């Protein structure tokens, strides 16, 4: 069984800051370019539109988090500061 290397506290903090920070800018971009297509559904309180918007934001967040986790898992074995 391969040895599991633990990520340092500093590495965890760097990963978290990059993940949350990039999430802010991704969400900001989505707000500018994605939400305007759904103005009518939002103003009508359409539950289907609200669910679809939630699924899109959640999916993008999960993909972003998964990507950062995979990158930092690889870097943990290469760099000592993570």
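When residue 65 is tested against (1) surrounded by 14 or more Cβ atoms within 10 Å (Cβ to Cβ); (2) free of Cβ contacts under 8 Å to residues at least 12 places away in the same chain; (3) closer than 14 Å to residue 15 by Cβ, exactly one condition is not met: (2). If I filter the range 49-60 for residues that are in a loop (DSSP other than H, G, I, E, B), over 25 Å from residue 18 (Cβ atoms) and over 13 Å from the mean Cα position of the chain (by Cα), do I get at least one hit? Within the range 49-60, not a single residue is in a loop (DSSP other than H, G, I, E, B), over 25 Å from residue 18 (Cβ atoms) and over 13 Å from the mean Cα position of the chain (by Cα). The residue list 5, 10 contains one member that is loosely packed, with under 14 Cβ neighbours inside 10 Å, part of a helix (DSSP H, G or I) and touching a residue at least 12 places away in the same chain (Cβ under 8 Å), which is 10. Would you mind telling me which numbered condition in (1) assigned to a helix (DSSP H, G or I); (2) without any contact (Cβ under 8 Å) to a residue 40 or more places away in the chain residue 45 fails? So the condition that residue 45 fails would be (1).
Laboratory data are not the source of any read-out in this text; all were calculated from the coordinates shown. Worth saying up front: this structure is predicted, and the values here are computed from it rather than measured. Reconstructed Cβ throughout: ideal geometry from the backbone, glycine too, with neighbour counts over all protein chains shown.
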